[in-house]
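J.: Attaching a single structure in structure tokens format; questions to follow.
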Amino acid sequence: MQTDKPLRLFFALSCPSDLASAICNWRDSHALGGRPVAQTNLHMTLAFLGNQPATAVDGLKQLANSLRVDAFLLQLDQLQMIGKNFACLVPSQSPSPLNQLVEQLHAGLSTHGVMLDARPFLPHVTLSRQVHALPDIQPPAFHWPLHRFGLYRSENTSSGVHYSELASWPLAAPGH
Ligand code: ATP
Ligand code: MG
């Protein structure tokens, strides 16, 4: 890897392919419009780091290695417009391990000197951007069992944004 080029990085939960497929089928059958997110790109961002030197990656991996959070089940059960007309699936309840994971990551990153967005964490999976208005529909509850989180690099390519997983870490089996 070229060492002088900054990397655009974020920690996230990557949506498993079977769930991503079910979510996109539901989205596409309801004609949300806008610019749909590619099925392979569905994710929930935990912490957005922005541009970082490639030399920072080892330290970030050590930081993630030191976290201990239980695996959990997330229910994506609400459709919501967030930010600049992003149609998103959100959980109506944020499970405490998700909050702990985000808190531990954010605390570790700030100790690491990484500046994070000051806005509070808002768990969401973006389905489509530049959506004019949300249809009045209730999504089915999409069940997402979380066993891992990862560090991703985001790159803009001619065929759209591409995320690559630099590393991932298991969440702990509850009670162990
Ligand atoms: P693109 O910007 O090319 O349309 P993208 O938003 O998916 O695609 P990135 O901008 O690299 O790609 O963002 C990666 C992830 O980090 C996305 O989930 C995005 O919503 C989130 N993100 C980007 N900027 C911020 C920010 N300032 N604060 C919090 N999260 C952010
Ligand atoms: Mg973006």
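J.: Out of all the residues in the stretch 20-28, is one or more of a type in the set (Ser, Thr, Tyr) and either under 26 Å from Ala172 (Cβ atoms) or at pLDDT below 95 (or both)?
T.: Looking for residues that are of a type in the set (Ser, Thr, Tyr) and either under 26 Å from Ala172 (Cβ atoms) or at pLDDT below 95 (or both), one finds none in the stretch 20-28, hence no.
J.: Does at least one position in the stretch 30-47 carry a residue that is loosely packed, with under 15 Cβ neighbours inside 10 Å and under 16 Å from the mean Cα position of the chain (by Cα)?
T.: yes
J.: Among Leu79, Leu122, Leu98, which is the only one that is more than 21 Å from Arg148 (Cβ to Cβ) and free of Cβ contacts under 8 Å to residues at least 60 places away in the same chain?
T.: Leu122
J.: Another question about this same structure. Looking at the stretch 101-124, is at least one residue in contact with a Cys (Cβ under 6 Å, 6 or more places away or on another chain) and either under 18 Å from Pro16 (Cα atoms) or surrounded by fewer than 14 Cβ atoms within 10 Å (Cβ to Cβ) (or both)? Full working, then the answer.
T.: Filtering the stretch 101-124 down to residues in contact with a Cys (Cβ under 6 Å, 6 or more places away or on another chain) leaves 124.
In the following step, the residues that additionally are either under 18 Å from Pro16 (Cα atoms) or surrounded by fewer than 14 Cβ atoms within 10 Å (Cβ to Cβ) (or both) were identified as 124.
Looking through the stretch 101-124, at least one residue is in contact with a Cys (Cβ under 6 Å, 6 or more places away or on another chain) and either under 18 Å from Pro16 (Cα atoms) or surrounded by fewer than 14 Cβ atoms within 10 Å (Cβ to Cβ) (or both).
J.: Among what's in the stretch 85-126 and is assigned to a helix (DSSP H, G or I) and at pLDDT below 95, pick the residue that is farthest from Phe142 (Cα to Cα).
T.: Ranking the candidates gives Thr111 first.
J.: Any chance the stretch 63-78 includes a residue that's part of a strand (DSSP E or B), touching a helix residue (DSSP H, G or I) at 6+ places or on another chain (Cβ under 9 Å) and within 16 Å of ligand 1 (Cβ to nearest atom)?
T.: Yes; the residues of the stretch 63-78 include at least one that is part of a strand (DSSP E or B), touching a helix residue (DSSP H, G or I) at 6+ places or on another chain (Cβ under 9 Å) and within 16 Å of ligand 1 (Cβ to nearest atom).
J.: Do you know which of the residues in the stretch 127-140 that are out of contact with any Gly (no Cβ under 9 Å at 6 or more places or on another chain) and either β-branched (Val, Ile, Thr) or surrounded by 14 or more Cβ atoms within 10 Å (Cβ to Cβ) (or both) is modelled with the highest pLDDT?
T.: Pro139
J.: Look through Leu89, Leu42, Leu49 and report the one residue that is farther than 28 Å from Leu134 by Cβ, in contact (Cβ under 8 Å) with a residue 24 or more places away in the chain and within 15 Å of ligand 1 (Cβ to nearest atom).
T.: Leu49
The values are calculated or read from the model by the stated rules, or taken from the named source; none is laboratory data. Keep in mind that this is a model prediction, so the values were computed, not measured. All Cβ positions, even for glycine, are placed from backbone atoms using ideal geometry, and neighbour counts span all protein chains on display.
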